[in-house]
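The values are calculated or read from the model by the stated rules, or taken from the named source; none is laboratory data. Since the structure is predicted, the reported quantities are computational estimates derived from the model, not experimental observations. All Cβ positions, even for glycine, are placed from backbone atoms using ideal geometry, and neighbour counts span all protein chains on display. Please note that ligands, DNA and RNA were not included when accessible areas were found on the heavy atoms of the full protein model with its side chains. Shrake-Rupley method; radii C 1.70, N 1.55, O 1.52, S 1.80 Å.
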Amino acid sequence: MGRTSLALRAGAAALAVAAIMGLGGCGWGRTVAEKEALDKSSASNASATSCVDTSGNTIKVGFVNSLSGTMAISEKTVSDSLHMAVDEINADGGVLGKQIQIEQQDGKSEPATFAEKARTLIEKQCVAAVFGGWTSSSRKAMLPVFEEDNALLFYPLQYEGMESSPNIFYSGAAPNQQIVPALDYLKEQGHKKLFLVGSDYVFPQTANRVVKAYAEGNGMEVVGEEYTPMGSTDFTTIVNKLKFSGADAVVNTLNGDSNVAFFKEYKASGLSADKVPVISMSIAEEEVASIGVDNVKDQLTAWNYYQTLDNPENKKFVKNFKAKYGESRPTSDPMESAYTSVYLWKKMVEKAKSFDVDKVKAAADGVTFDAPEGQVKVDGKNHHIYKTSYIGKIGSDKLIHTVWKSDGPIAPDPYLKTYDWAKSLSASTSGSDGSGE
């Protein structure tokens with residue numbers, strides 16, 4: 001079975017992607033233009049039907065990760081953990097008695113390529129679900145494809161929030177599960193003057209809107225805000241501005257290998273963690289080794305998982321990962337979140353007793369999994385998950401050690417509706433109630 005009106009739908013989706021990426025600099029949930037583009041795409045594709053084959057003893061799933069380009073430094077490990085989850089599930093009997101067959105695609109660190117590969121996985125390779133994406137630009141490029149085809153994407157990264165989709169499950173942190181705890185920690189430690197540095201795309205720009213709103217409502221000041229193109233390696237000017245800004249802490253939303261150049265320049269300028277600490281939103285154990293531990297020792301990170309977490313599920317996870325990929329390979333938040341997402345999909349399918357997308361979505365609410373990060377639970381209304389938050393410090397052993405944690409799993413609030421200081425942010429989201437429907 002194929003999908004109907006493929007050429008027409010491809011053109012409509014291309015317009016939707018263009019609208020989203022054209023407005024991606026704003027990155028603020030669903031704008032009116034985004035909604036109109038998606039509505040036009042959906043209207044032209046009402047007759048789309050799934051080509052997923054459930055008649056045999058296998059079921060296909062798709063992985064789309066950057067195995068090349070600037071984001072490969074981070075995304076290859078996510079692909080590895082996804083493969084490990086599937087191998088474990090298959091060894092334990094599969095899903096509804098079927099072995100999982102993997103179809104892997106390379107997003108090549110380009111949002112448009114992610115959209116193209118997602119369409120290939122759904123329409124040509126006929127997968128029951130897709131796992132992957134890293135940057136918010138890649139997710140936003142894929143979103144109209146999944147909504148148009150009524151397919152499922154499991155997105156593993158922490159992100160800027162102000163979005164929910166009936167066809168995406170967000171297994172990474174919402175802003176109240178990463179950004180807000182990071183700022184709470186800085187405030188508790190007495191930091192009042194923040195310098196913001198990030199890559200020039202959706203997540204950093206939107207995350208920093210949250211930072212600025214928080215600062216205004218909590219007696220803090222943003223004394224500098226700088227962005228650089230993805231993959232940039234020249235940070236001389238930015239670090240010089242930082243050094244003379246009067247900042248007493250840095251909020252870092254750089255992505256990919258730009259972090260290597262930034263921290264080397266930061267150290268060379270004489271800045272240090274004891275005087276102007278950096279709290280990073282996208283540096284995990286994998287990146288520490290690439291940056292060089294001497295360049296980031298004692299710096300802070302905000303995540304929902306560290307390799308050093310002391311619980312039985314994590315000890316098993318770390319042991320299995322190292323046995324499969326090598327003792328020198330660390331585990332990290334994005335790969336753990338991706339690994340967890342495969343198990344959540346499995347449990348949703350088993351609860352639904354079906355691979356049908358609508359039945360899986362209907363069964364999602366309340367599904368739990370004892371993950372390496374701790375127990376997680378799916379919120380069926382907004383398709384995010386309850387997660388515990390951690391602040392960690394990078395050690396000389398190249399691992400990240402917890403210095404603060406939340407009292408338990410935090411309910412996801414992607415639109416920050418429960419925070420008075422964020423009212424202007426959630427109010428600026430056009431036409432979305434955060435329900436995912």
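The lysines within cross-link reach of K192, meaning a Cα-to-Cα straight distance under 16 Å and a gap of 8 or more places when in the same chain, are K212, K243, K275. Here's how it looks for G374: its modeled amide H is under 5 Å from none belonging to a residue 5 or more places away or on a different chain. Rounded to the nearest 10 degrees, the angle from helix 6-22 to the longest Cα principal axis of the chain is 10 degrees.
Computing Cα extents along the principal axes in Å for the structure here picks out one of (i) 70, 54, 34; (ii) 79, 48, 46; (iii) 63, 48, 37, namely (iii). FRET efficiency for the pair A91 and D294, taken as 1/(1 + (r/R0)^6) with r the Cβ-Cβ distance and R0 = 51 Å, rounds to 0.80. Angle, helix 72-91 long axis vs. longest principal axis of the chain, Cα atoms, 0 to 90°, nearest 10? So the helix axis and the longest Cα principal axis differ by about 50 degrees. Under a 5 Å amide H cut-off, with hydrogens placed 1.01 Å from N, K193 pairs with E221, D248, A249 among residues at least 5 apart or on other chains. In this view, the solvent-accessible surface of H191, computed with a 1.4 Å probe and all protein chains in place, comes to about 40 Å². Across the chain, C-alpha contacts under 8 Å between residues 6 or more apart give a mean separation that, scaled by the residue count, equals a relative contact order of 18 percent.
What the phi angles of segment 229-245 give under the Karplus curve with 6.51, -1.76 and 1.60, with θ = phi - 60°, is a coupling list of x, 4, x, 5, 10, 10, 10, 4, 5, 5, 5, 5, 5, 4, 4, 9, 8 Hz, glycine and proline written as x.
When the accessible area of the chain is computed with all protein chains present and a 1.4 Å probe, what percentage of it is carbon and sulfur? Percent of accessible area from carbon and sulfur atoms in the chain: 49. Between amide H atoms placed 1.01 Å from N, distances below 5 Å from Q101 occur with I59, K60, V61, all of them 5 or more places distant or on a separate chain. Residue-wise HN-Hα couplings along segment 265-279, as the Karplus relation 6.51 cos²θ - 1.76 cosθ + 1.60 with θ = phi - 60° gives them from phi, are 5, 4, 5, 4, 7, x, 6, 8, 5, 6, 9, 9, x, 10, 10 Hz; Gly and Pro carry x.
The helix-based estimate of mean residue ellipticity at 222 nm for the chain, built from -39,500 (n - 2.57) per DSSP H run of four or more residues and divided by its residue count, is -12000 deg cm²/dmol to the nearest 500. Each of S55 and K322 was given a label point 7 Å from its Cα along the Cα-to-Cβ line. The distance between the two points is 4.8 nm. Sorting 70-80, 409-419 by their mean Cβ neighbour count within 10 Å, with the most densely packed peptide first, gives 70-80, 409-419. A protection proxy built from the mean count of other Cβ atoms within 10 Å ranks the segments 207-220, 265-278, most packed first, as 207-220, 265-278.
Antiparallel DSSP bridges in the chain: what percent, to the nearest 5?
35
Averaged per residue, what accessible area in Å² does segment 221-333 show with a 1.4 Å probe, protein chains only? With the other protein chains kept in place, segment 221-333 gives 40 Å² per residue. Could you sort out which of K76/K417; K60/K140; K140/K315 sit more than 31 Å apart by Cα distance in this structure? Where the Cα-Cα span goes over 31 Å, the pairs concerned are K76/K417; K140/K315.
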